[in-house]
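Working notes for the structure below.
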Amino acid sequence: NRILELDKIFIEDGFLHFAEENQNVVYWGIKIESLEEINPIVWQIHNEETPEFYSEDKTFTEFITELFEWQFSL
């Protein structure tokens, strides 16, 4: 799983997509209307013909912290 480089971040279906699963099956994003929040909720977006959206029930800070802990086995 990886955080997208700045020039690869994109907006689609009302979400700012900032990370992707290693096989491009899942993206993670933040709702556009939540971008002004200090620590918005992260959503999982399944990359399908009809995308499905699921709340991670985690703030951006919680999500990034867990992603780094998992990625680097901290």
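The values are calculated or read from the model by the stated rules, or taken from the named source; none is laboratory data. On a predicted model such as this, the values are computed, not experimentally measured, just so you know. With ideal geometry, Cβ positions are generated from the backbone for all residues, glycine too; neighbour counts draw on all protein chains shown. These area figures cover heavy atoms from the full protein model, side chains too; ligands, DNA and RNA do not enter into them. Shrake-Rupley method; radii C 1.70, N 1.55, O 1.52, S 1.80 Å.
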>> Bins of 10 Å, beginning at zero and ending with the bin holding the largest distance: percent of Cα pairs per bin for the chain, please.
In response: 20, 56, 23, 1
> Which one of Asn22, Ile9, Thr65 is farthest out on the positive end of the charge dipole of the chain, using unit charges on Cβ (Lys, Arg +1; Asp, Glu -1) and the Cα centre as origin?
Replying inline: Thr65
>> At 1.4 Å probe size, put His46, His17 in order of accessible surface, largest to smallest.
In response: His46, His17
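Where does each of 48-59, 24-35 land if you order them by average Cβ count within 10 Å, highest first? Provide the component values of the computation, followed by the final result.
Numbers: 48-59: 10.9, 24-35: 15.8.
Ranking, from highest mean packing down: 24-35, 48-59.
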>> Quick query: amide H of Leu4 versus all other amide H atoms, modeled in the peptide plane; which residues come in under 5 Å with a sequence gap of 5 or more or a different chain?
In response: Ala19, Glu20
